[in-house]
Amino acid sequence: MLQPFVDDEQTRQEYLYLQRTLRDVSGLDLRAYKERQMMRRLRGFTSRKGLSSLRELAEAVRHDRELRQQLTDYLAINVTEFFRNPERFDDLAKNVLPKLLERWSSLRIWSAGCSIGSEPYSLAILLEELNAGGPEKHRVLGTDIDREALEEARQAVYTEDRLKEVSPERRRRFFTRLPDGRWQVNERVRRYVTFAQHNLLEDPYPQDQHLILCRNVIIYFTEKAKKEIFAKMAAGLAPGGYLLVGSTETIFYPERYGLKSAAPFLYVREE
């Protein structure tokens with residue numbers, strides 16, 4: 001059994017070894033995460049997998065791609081349901097997107113940390129419902145650090161539990177029921193969305209975006225890393241563009257990034 005984590009040199013060295021291993025094999029950089037919370041989550045994951053130490057976990061994820069993906073998904077708080085937190089999407093549909101469409105005829109939207117694609121496809125559905133001009137005019141970019149999650153996103157096939165917030169009308173209009181009981185996003189909705197691998201800590205950020213969503217992605221990042229990410233996202237917005245964060249990721253003093261609060265968890269870049 002895994003013993004409780006303690007602040008001893010052996011545990012510290014094992015944690016550093018795991019950090020290096022994950023950076024090498026997946027690009028996930030644990031240095032930017034709060035160490036105490038990360039250690040607690042790693043302890044739970046290691047115990048459930050029947051491993052005895054962080055070093056054993058590091059060796060396992062180096063050679064086992066499936067386990068590596070499980071760990072990445074476990075450590076990253078990914079949005080994996082369509083229309084998660086429906087009130088946020090209601091606000092986007094009724095207030096934010098109409099304002100953006102009044103100003104710009106073609107929108108650029110970025111879903112950061114999109115995991116298996118539920119969020120960018122949800123945004124595409126909103127654009128379709130607004131009769132905004134179709135996938136020829138608007139682009140939704142979905143990014144994530146996990147290459148395998150992105151491949152699943154491109155397939156656009158989802159189990160029933162991912163669609164619990166999708167109304168029967170939306171299912172009929174935007175999804176196709178497959179013989180195995182899963183659901184596939186219709187081709188027209190898929191045409192809005194492009195997926196790309198992206199590391200929030202290292203890669204250049206898309207620029208001149210009209211709307212950025214980064215929800216439930218950076219909850220475990222250190223304060224320093226959060227500030228850097230928010231600054232880069234604010235800089236990536238077109239003036240008048242919006243940034244939507246998760247319900248536990250309030251931006252304190254948004255003016256330091258050139259933002260102002262527009263609604264709970266929603267910020268607009270000042271002109």
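Once both axes come from the Cα atoms, what is the angle between helix 118-129 and the longest principal axis of the chain, in degrees from 0 to 90, rounded to 10? Between helix and principal axis, roughly 0 degrees.
Think of the chain as a dipole: +1 on every Lys or Arg Cβ, -1 on every Asp or Glu Cβ, centred on the Cα centre; then among 186, 13, 245, 186 lies furthest on the positive end. Rounded to the nearest 10 degrees, the angle from helix 223-236 to the longest Cα principal axis of the chain is 30 degrees.
May I ask you to give the solvent-accessible area per residue for segment 46-181, in square angstrom, as obtained with a 1.4 angstrom probe?
Working: 6410 Å² over 136 residues.
Ligands and nucleic acids excluded, the figure is 47 Å² per residue.
Shown for the chain is the translational diffusion coefficient from the Stokes-Einstein equation, using the Kirkwood radius over Cα pairs, a temperature of 37 °C and a viscosity of 0.692 mPa s: 167 µm²/s. Taking all protein chains together and a 1.4 Å probe, the residues 194, 80 rank 194, 80 from largest to smallest accessible area.
Work through the residues other than residue 162 whose Cβ is under 10 Å from its Cβ and net out their charges, Lys, Arg +1 and Asp, Glu -1. Cβ neighbours under 10 Å give a net charge of -1.
Converting the Cα gyration tensor eigenvalues of segment 12-85 into ellipsoid dimensions via √(5λ) gives semi-axes, longest first, of 21, 14, 13 Å.
Helix 35-48 and the longest principal axis of the C-alpha atoms of the chain enclose an angle of approximately 80°. In the frame of its principal axes, segment 122-172 has Cα extents of 32, 27, 14 Å, reported largest first. Across the cross-link table entries 49/164; 94/232; 94/164; 164/260; 94/227; 34/232, which are compared at the Cα atoms, the separations over 31 Å belong to 164/260. A simple rule links phi to the HN-Hα coupling: the Karplus curve 6.51 cos²θ - 1.76 cosθ + 1.60 with θ = phi - 60°, which for segment 145-152 gives 7, 8, 5, 5, 4, 5, 5, 5 Hz, with x for Gly and Pro.
Distance between the C-alpha centres of segment 162-233 and segment 28-102: 13 Å, rounded to the whole angstrom.
Would you work out the charge dipole size for segment 14-133 about its Cα centre, treating the Cβ of every Lys and Arg as +1 and the Cβ of every Asp and Glu as -1, and quote it to the nearest 20 debye?
On the way: 20 positive and 17 negative charges, 121 e Å.
It comes to approximately 580 debye.
A simple rule links phi to the HN-Hα coupling: the Karplus curve 6.51 cos²θ - 1.76 cosθ + 1.60 with θ = phi - 60°, which for segment 163-178 gives 10, 5, 9, 9, 5, x, 5, 5, 4, 5, 7, 10, 9, 10, 7, 8 Hz, with x for Gly and Pro.
Over the residues of the chain, the helix contribution to mean residue ellipticity at 222 nm works out to -12000 deg cm²/dmol, using -39500 (n - 2.57) for each DSSP H run of at least 4. Residue-normalised convex hull volume from the C-alpha trace of segment 157-271: 146 Å³ per residue. Taking amide H as placed 1.01 Å from N in the peptide plane, residue 142 has its amide H under 5 Å from the amide H of 111, 194, 195, 196, each at least 5 places away in sequence or on another chain.
The values are calculated or read from the model by the stated rules, or taken from the named source; none is laboratory data. Predicted model only: the values in this text are computed from it and were never measured. Cβ: placed from backbone, ideal geometry, glycine included. Neighbour counts: every protein chain shown. Areas reflect the complete protein model, heavy atoms only, side chains present, ligands, DNA and RNA absent. Shrake-Rupley method; radii C 1.70, N 1.55, O 1.52, S 1.80 Å.
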